[in-house]
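What follows is one structure encoded as structure tokens, with my remarks underneath.
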Amino acid sequence: MFEIIFLGTSASAPSVDRGVSAALLLYRDQRFLIDCGEGTQRQLLRSGIGFRKLDKVLLTHGHLDHILGLGGMVSTFARWESMDALTIYGGQWALQRVEDLMHVVLRGGEVDMDIAFASISPGPIWESDSMVVTAFPVTHRGPGVYGFAFEEKSRRPFLAEEAERLGVPNGPERRLLVQGQPITLADGTVVHPEQVLGEEVRGTKFVHVGDAGRTDDLVAPCRDADALVIEATYTSDEAEMAARFGHLTARQAAELAVAANVQHLFLVHISRRHTGREILREARAVFANTTVPRDLDHYRISRGSVEKVRNTHGR
């Protein structure tokens with residue numbers, strides 16, 4: 001299960017109601033900040049989550065509305081939050097721009113913080129025993145643009161009743177079976193993992209795409225996602241402008257959700273020219289299970305289910 005908090009959902013520049021691109025993904029005890037537009041640190045505070053355990057930033061690309069918030073946030077982390085390390089993942093061009101920004105923030109030794117710049121390429125970029133984060137290329141203006149797929153690893157549930165019937169005691173024996181190792185009982189009986197493990201269950205899949213200029217190359221990485229976050233800067237009557245500037249219409253994003261068999265679609269990067277209702281109306285005509293979140297909306301994403309947790313509007 002994942003949780004997503006939308007920190008900034010406006011395109012290019014903030015509006016009265018929306019900040020620029022940023023989202024916080026929560027998985028167990030891990031925190032992933034995806035993009036960090038201007039004002040992100042204040043949104044983190046308003047969300048009620050704050051800066052706790054936030055040591056990983058994933059950048060979709062290097063445009064300023066996706067990275068400028070890093071300067072202020074790093075300064076705050078180093079001076080006031082006792083954060084001594086941060087890893088920033090991104091394409092080479094995005095990281096070069098962030099390094100230039102950090103030269104200003106960290107100049108003169110006033111701020112002491114260990115910042116690691118992790119240049120990514122298509123494939124896994126972070127992994128734990130239960131989840132993997134994979135980067136995939138996205139077409140937009142400029143080089144090194146990426147989307148991110150967060151996937152829980154498949155698992156085989158432990159069949160406690162079957163273990164009980166076979167006489168497997170509670171304790172380390174059951175843990176070994178879950179880990180795929182056979183055990184020998186006190187009477188000499190050998191119990192194999194397949195005797196007490198059920199059919200494989202696929203984990204939750206969440207995909208986040210920042211700015212994008214086409215969708216045909218996104219069907220495969222988005223396929224069967226329980227939730228997809230992607231931009232919808234324009235409406236269909238502006239399709240020519242969308243193509244010229246490397247962005248998507250709400251209809252294009254919805255058509256991607258259909259083609260990739262996505263369960264739920266979140267549309268962000270909303271232009272100040274449009275209301276959320278306009279974007280939602282166009283998308284839902286193609287894909288009904290669409291949401292246009294507001295800043296600070298908070299959702300829980302599990303296998304085949306998306307649930308709104310809360311929002312902190314007006315805090």
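None of the figures in this text is laboratory data; all of them are computed from the coordinates on show. Predicted, not measured: the structure shown is a model, and the values here were computed from it. All Cβ positions, glycine included, derive from the backbone under ideal geometry; neighbour counts span all protein chains shown.
Distant-in-sequence amide contacts of D55, defined by a placed amide H-H separation under 5 Å and a gap of 5 or more residues or a different chain, comprise R31. The phi torsions of the range 206-215, fed into the Karplus equation with coefficients 6.51, -1.76 and 1.60 and a -60° offset, translate into couplings of 10, 10, 10, 10, x, 6, 8, x, 7, 10 Hz, rounded to whole numbers, with Gly and Pro shown as x. Counting lysine pairs in the chain that sit 8 or more residues apart in sequence, or on different chains, and whose Cα atoms lie under 22 Å apart gives 4. Charge dipole of the range 171-315 (Cα centre as origin; +1 on each Lys and Arg Cβ, -1 on each Asp and Glu Cβ, all else neutral): 620 debye, rounded to the nearest 20. Rg and Dmax over the alpha-carbon atoms of the range 1-105 stand at 12.7, 38 Å. Considering all C-alpha pairs of the chain, those separated by over 37 Å amount to 23%.
Here the 3J(HN,Hα) profile of the range 142-150, calculated from phi with Karplus coefficients 6.51, -1.76 and 1.60 at θ = phi - 60°, is x, x, x, 9, 9, x, 9, 10, 9 Hz, Gly and Pro shown as x. For the chain, modelled as a Gaussian network with Cα springs under 10 Å, which listed residue fluctuates most, V104, V209, V292? Among V104, V209, V292, the largest mean-square fluctuation in the Gaussian network model of the chain belongs to V104. Ordering M73, M1 from the fewest to the most neighbouring beta carbons within 10 Å gives M1, M73.
Among the chymotrypsin sites (Phe, Trp or Tyr not before Pro) found in the range 224-304, not one is both in a DSSP coil and sparsely packed, with 11 or fewer other Cβ atoms within 10 Å of its Cβ. Taken one residue at a time, the phi angles of the range 262-272 give Karplus couplings (6.51, -1.76, 1.60, θ = phi - 60°) of 6, 7, 9, 10, 10, 10, 10, 6, 7, 5, 5 Hz. Gly and Pro are set to x. Counting only GluC sites (Glu not before Pro) that are in a DSSP loop and have at most 16 other C-beta atoms within 10 Å, tell me the longest site-free stretch of the chain. Longest run free of exposed loop sites: 201-315. Residues whose amide H lies under 5 Å from that of A22, counting only those 5 or more places away or on a different chain, are L7, G8, G37; hydrogens are built 1.01 Å from N in the peptide plane.
Between S305, S128, S21, the GNM of the chain built on Cα springs shorter than 10 angstrom shows S128 fluctuating the most.
Under the criterion of Cα pairs below 8 Å and six or more residues apart, the relative contact order for the chain equals 17 percent. Checking every one of the trypsin sites (Lys or Arg not before Pro) in the range 1-50 against DSSP loop status and a limit of 13 other Cβ atoms within 10 Å picks out R28. Could you tell me what % of all Cα pairs in the range 174-291 have separations over 23 Å? Here the long-distance tail beyond 23 Å is 43 percent of all Cα pairs in the range 174-291.
Go ahead and estimate [θ] at 222 nm for the chain from helices alone: -39,500 (n - 2.57) per DSSP H run with n ≥ 4, summed, over the residue count, rounded to 500. For the chain, the value works out to -7000 deg cm²/dmol. Can you list residues whose amide H is under 5 Å from I270's amide H, if they're 5+ apart or on another chain and H is modeled 1.01 Å from N? Answer set, sorted by chain and number: S10, A11.
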